[in-house]
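A.B. asks: Below is a structure I'd like to ask you about.
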Amino acid sequence: MNAMRPYPRGWFVIAWAGELAPGSLKPMRYFGRDLVLWRKEDGTPVVQDAFCPHLGAHFAHGGHVKGDRLVCPFHAWEFDDSGACAHIPYATKIPPRARIACWPVVERNGVIFMWHDPDGGAPDWEIPVIAEHGTSDWTPWYENKVTVNTHPREIVENVADSAHFPAVHRTFVDQFENIYEGHKATQHTIGKATPKLGGVDHFDITATYHGPAFQISDMRGVLHAMLLLAHTPIDENSLDLRFAVMLQRTGPRTDEFAKFYVDNLTLGFHEDIAIWEHKVYRPRPQLVAEDGPIGRLRAWYSQFYRSADVVGS
Ligand code: FES
Ligand SMILES: [Fe+2]
């Protein structure tokens, strides 16, 4: 049973900045919709519905960007970033309803985000700036993406679920604390990890969800890392899980360490994925005192859904 549906309201990661060159476009499918992500030639990213209001061609299959306009592959109608049809090469009058739906987009910290609200509401909070990103003291993001057959609430539940760390990740938690504040949920964990690829790493992590769909972590261990974790629903049964690592530079091998770090994270996520893809959701789980604050987490997460869309939480 999907106890929260269809999709939450918030900012969602839809691409790494480097995936989309100025003047290019790509098809996307998120929130059960076909979308086109394109960049104007000045670099500004735009997200719009994928199908042309004329006769329904998919913009990202054969279309192209011309200056600050998106050109349909079928009859070459041109649309601007407000979704309005700006030019029809063979007609003098543009139908006033020839428009495509647009979605708010922000590019920040080397990542492209899209705002989704099932009721069409405007963004009501900002994506934080990661001051370290893009500085010479830090590596760039080292990124990965996995498609997972699960619901985003399963991933978010990691914030409160302290008891799965030793069982799933061979990670031992000494101190664990959650702070819920408006659209933010922070997990503070001190412990030690025994990664699959070897070694023991003592760590101190402050990981904050900014809304329902992405988390920024400041992780201090042998190295100082920033982590980005994001999940964006493709449809009601699957999502794209993206994660990225940047490390504070300590020497010439830091980039190599960052790649190793992402490989380790990928292994760690596959451990969770093996659980997520086969589990059911328990609206009323049987919990013990030592489980983390799962009820509190669920109450926080439900704020991103319309109340009619939350069942049995
Ligand atoms: S279908 Fe797009 S211009 Fe005709
Ligand atoms: Fe986990």
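A.B. asks: With the condition kept exactly as written, say whether any residue in region 286-295 is under 24 Å from VAL148 (Cβ atoms), in contact (Cβ under 8 Å) with a residue 24 or more places away in the chain, in contact with a Lys or Arg (Cβ under 9 Å, 6 or more places away or on another chain) and surrounded by 14 or more Cβ atoms within 10 Å (Cβ to Cβ).
C.D. replies: no
A.B. asks: Check off (1) open to solvent by 90 Å² or more (accessible area, probe 1.4 Å); (2) assigned to a strand (DSSP E or B) for PRO252 and give me the number that stays unchecked.
C.D. replies: Status for PRO252: all satisfied but (2).
A.B. asks: Using the structure shown, decide if GLY120 is open to solvent by 40 Å² or more (accessible area, probe 1.4 Å), away from ligand 2 (no atom under 16 Å from the Cβ), out of contact with any strand residue (DSSP E or B) (no Cβ under 9 Å at 6 or more places or on another chain) and touching a residue at least 24 places away in the same chain (Cβ under 8 Å).
C.D. replies: Against the criterion (open to solvent by 40 Å² or more (accessible area, probe 1.4 Å), away from ligand 2 (no atom under 16 Å from the Cβ), out of contact with any strand residue (DSSP E or B) (no Cβ under 9 Å at 6 or more places or on another chain) and touching a residue at least 24 places away in the same chain (Cβ under 8 Å)), GLY120 does not qualify.
A.B. asks: Here's a follow-up. Considering each of ALA274, ALA289 in turn, give the residue that is within 27 Å of TYR301 (Cβ to Cβ), assigned to a helix (DSSP H, G or I), over 19 Å from the mean Cα position of the chain (by Cα) and in the same structural domain as ASN149 (by TED's automatic domain parsing).
C.D. replies: Of ALA274, ALA289, the one residue that is within 27 Å of TYR301 (Cβ to Cβ), assigned to a helix (DSSP H, G or I), over 19 Å from the mean Cα position of the chain (by Cα) and in the same structural domain as ASN149 (by TED's automatic domain parsing) is ALA274.
A.B. asks: Moving on. For region 200-217, name all the residues that are in contact (Cβ under 8 Å) with a residue 60 or more places away in the chain and either among the aromatic types (Phe, Trp, Tyr) or outside the structural domain of LEU239 (by TED's automatic domain parsing) (or both).
C.D. replies: Across region 200-217, the qualifying residue is only PHE214.
A.B. asks: So for region 146-157 (the condition being within 16 Å of ligand 2 (Cβ to nearest atom) and surrounded by fewer than 16 Cβ atoms within 10 Å (Cβ to Cβ)), does at least one residue qualify?
C.D. replies: The answer is yes, given that some residue of region 146-157 is within 16 Å of ligand 2 (Cβ to nearest atom) and surrounded by fewer than 16 Cβ atoms within 10 Å (Cβ to Cβ).
A.B. asks: In addition: Check GLY211 against each of (1) surrounded by 18 or more Cβ atoms within 10 Å (Cβ to Cβ); (2) on the phi < 0 side of the Ramachandran plot and name the one condition it does not meet.
C.D. replies: So GLY211 meets the others, but not (2).
A.B. asks: Now for a separate question. Determine whether ASP218 is over 30 Å from ASP119 (Cβ atoms), assigned to a strand (DSSP E or B) and either small (Gly, Ala, Ser) or away from ligand 2 (no atom under 16 Å from the Cβ) (or both).
C.D. replies: Against the criterion (over 30 Å from ASP119 (Cβ atoms), assigned to a strand (DSSP E or B) and either small (Gly, Ala, Ser) or away from ligand 2 (no atom under 16 Å from the Cβ) (or both)), ASP218 qualifies.
A.B. asks: Return yes when LEU265 is outside any loop (DSSP other than H, G, I, E, B), on the phi < 0 side of the Ramachandran plot and open to solvent by less than 20 Å² (accessible area, probe 1.4 Å) and no when it is not.
C.D. replies: It is false that LEU265 is outside any loop (DSSP other than H, G, I, E, B), on the phi < 0 side of the Ramachandran plot and open to solvent by less than 20 Å² (accessible area, probe 1.4 Å).
A.B. asks: A further question follows. What are the residue pairs meeting all of these: first residue in region 240-257, first residue under 16 Å from THR135 (Cα atoms) and of a type in the set (Lys, Arg), second residue open to solvent by 10 Å² or more (accessible area, probe 1.4 Å) and part of a loop (DSSP other than H, G, I, E, B), Cβ atoms under 6 Å, and 6 or more apart or on different chains?
C.D. replies: ARG249/ASP137
A.B. asks: Where the second residue is open to solvent by 30 Å² or more (accessible area, probe 1.4 Å) and of a type in the set (Lys, Arg) and the first is over 19 Å from ALA160 (Cα atoms) and lies in region 299-311, which pairs have Cβ atoms under 6 Å and are six or more apart or on separate chains?
C.D. replies: ASP309/ARG5
The values are calculated or read from the model by the stated rules, or taken from the named source; none is laboratory data. These numbers were taken from a predicted model, which means no experiment stands behind them. Positions of Cβ are generated from backbone atoms using ideal geometry, with glycine treated the same way; all protein chains shown enter the neighbour counts. For accessibility, only protein heavy atoms count, side chains too; no ligands or nucleic acids. Shrake-Rupley method; radii C 1.70, N 1.55, O 1.52, S 1.80 Å.
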